[in-house]
Amino acid sequence: MHSNQDNPAAHPKPSIVSRSGHTISRSNIDPDALKVLYRLNRHGHIAYLVGGGVRDLLLGKKPKDFDISTSAHPNEIKKIFGNCRLIGRRFRLAHIYFRGGKIIEVSTFRTISVFNGEDGPVTSDNTFGTPWEDAFRRDFTVNALFYNISDFSVIDYVSGLQDLKHGLIRCIGEPEVRFREDPIRMLRGVRFSALLDFDLDAESDRLIREIKDEIWEGATPRILEEIIRMMARGTAARAFTRLNELGLIATLFPEIDQHIRMESADLYTDTLARLDKRSHIQGPPEPWLIFACLFYPYFDFIYRGSSGDDLVKLARDTISPVCQRIQVPRRMQDIIRQTLAAQVRLFGLRGSRFKPRTILRKAYFQDAFTLFEIVASSSNEGRELISEWSNLQGPSPTKKPAGRRPRRRKKRGPKPPAIAPIR
């Protein structure tokens, strides 16, 4: 445990690693993020690349985002960048817009009192701070590293480099305080543990097991968001295993926990592993597909013990309590319900109970078949069914029919003004 983290004033001086001592290269940083860093620096402001971007670069991974923190206040940032828009009511953030819809997010250094956690409740508005205060208000040590554009060094106030080396997700400060002030941080810890394949430090692991039921004291929409985020990066199976080991599956999805106790958690991890395989090839799955894969083993278990033929009602009765608990949007519930119910029909292709062409005409068929490709691919028979359904669908609708005359191109109007480049 890092007891000196509980009192930031006792640890104000960072460990600074010069360019020769780390692996971050500017060639791996987004060029537009570099432009923002350089321009802020030229205008006399401290400008750091922060958070997950620094963490991932040090691990040799490609960052998802390149976020920047600076000593410049929001209005000062807006004056420097003509392509800037300020957002947020409580704490103003600057979004710098570039071609192709790219956004580089820039925040002003915050004090520890601004948030009770990185995503926690606000206790004061627009309270700006220093770099070390900004580091200590973050959630985990590996997310609190800074890359200084002025001398290309890495700045570490919280022993994040050490935890990165040892593969640990560690709270900044006392885990009990941090988890109680923002219970959603427990899910964030699981997400980073799964994403990086790191271990939670022993104290955080123990605390989550002890106070896991307090997760409901956090905002439910954020619970839903964290579940989606931890399962959308090709790490769904690992995230599920972490949640189950910590007892959070029992807290979030007691129905699934009961099923696991009766059969096996492998039913879930195997399905989610196939979702992960798809994610690595095709990119992040849509949220409905994540939950459809998560709920499928439980729905299949309920179906095997049922006697009714109303599959849609069975799917609705199966998933409604779970979806209401974590506030899954109604539209998403409808897609999950339809695609789950359709699996029975897709697996029943070789039977005589229905005509295949009937389901092929349904608006939800493509979504249902997407799920079927995941859940059926675990067996040779399932893979044969996937092939048979693919043949029944005929040519891909994305392909242009042969012999069709190309359409004439419409005359285009004047192009909209381009975003002015940063010089």
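A few comments on the model shown:
- Those helices (runs of 4 or more DSSP H) of region 348-396 in which 1 or more residues are of a type in the set (A, V, I, L, M), without any contact (Cβ under 8 Å) to a residue 40 or more places away in the chain and within 24 Å of residue 270 (Cβ to Cβ) occupy 365-375, 380-393.
- Candidate set: region 29-55, residues that are charged (D, E, K, R) and farther than 11 Å from residue 70 by Cβ; chosen: the one surrounded by the most Cβ atoms within 10 Å (Cβ to Cβ): 55
- The selection criterion, being among the small types (Gly, Ala, Ser) and buried (at least 17 other Cβ atoms within 10 Å of the Cβ), holds for residue 69.
- With respect to being buried (at least 23 other Cβ atoms within 10 Å of the Cβ) and outside the structural domain of residue 323 (by TED's automatic domain parsing), residue 233 falls outside the description.
- Of all the numbered requirements in (1) in the same structural domain as residue 139 (by TED's automatic domain parsing); (2) among the acidic types (Asp, Glu); (3) modelled with pLDDT under 95, residue 181 misses one, and that requirement is (1).
- Summed over region 182-205, the residues that are touching a Pro at 6+ places or on another chain (Cβ under 8 Å) and surrounded by fewer than 20 Cβ atoms within 10 Å (Cβ to Cβ) give a count of 1.
- Boolean, residue 222 is out of contact with any helix residue (DSSP H, G or I) (no Cβ under 7 Å at 6 or more places or on another chain) and part of a helix (DSSP H, G or I): yes
- Among the residues of region 327-343, those identified as surrounded by 20 or more Cβ atoms within 10 Å (Cβ to Cβ) and part of a helix (DSSP H, G or I) are 335, 336, 337, 338, 339, 340, 341, 342, 343.
- Members of region 37-56 that are assigned to a helix (DSSP H, G or I) and within 25 Å of the chain's Cα centre (by Cα): 52, 53, 54, 55, 56
- Residue match in region 140-154 (condition: under 20 Å from residue 253 (Cα atoms), at pLDDT 95 or above and surrounded by fewer than 18 Cβ atoms within 10 Å (Cβ to Cβ)): no
- Residue match in region 210-227 (condition: hydrophobic (A, V, I, L, M, F, W, C), in contact with an Asp or Glu (Cβ under 7 Å, 6 or more places away or on another chain) and buried (at least 16 other Cβ atoms within 10 Å of the Cβ)): no
- Tally of residues being surrounded by 20 or more Cβ atoms within 10 Å (Cβ to Cβ) and either of a type in the set (A, V, I, L, M) or in contact with a His (Cβ under 8 Å, 6 or more places away or on another chain) (or both) across region 290-326: 8
- Which listed residue is acidic (Asp, Glu) and over 21 Å from the mean Cα position of the chain (by Cα), from 245, 214, 226: 214
- Matching residues in region 297-343 - criterion: being over 20 Å from residue 263 (Cα atoms), of a type in the set (Val, Ile, Thr) and touching a Phe, Trp or Tyr at 6+ places or on another chain (Cβ under 7 Å): 328, 335, 336, 339
The values are calculated or read from the model by the stated rules, or taken from the named source; none is laboratory data. From a predicted model like this one, the values you see are computed outputs, not experimental measurements. Every residue, glycine as well, gets a Cβ built from its backbone with ideal geometry; the counts of neighbours run over all protein chains shown.
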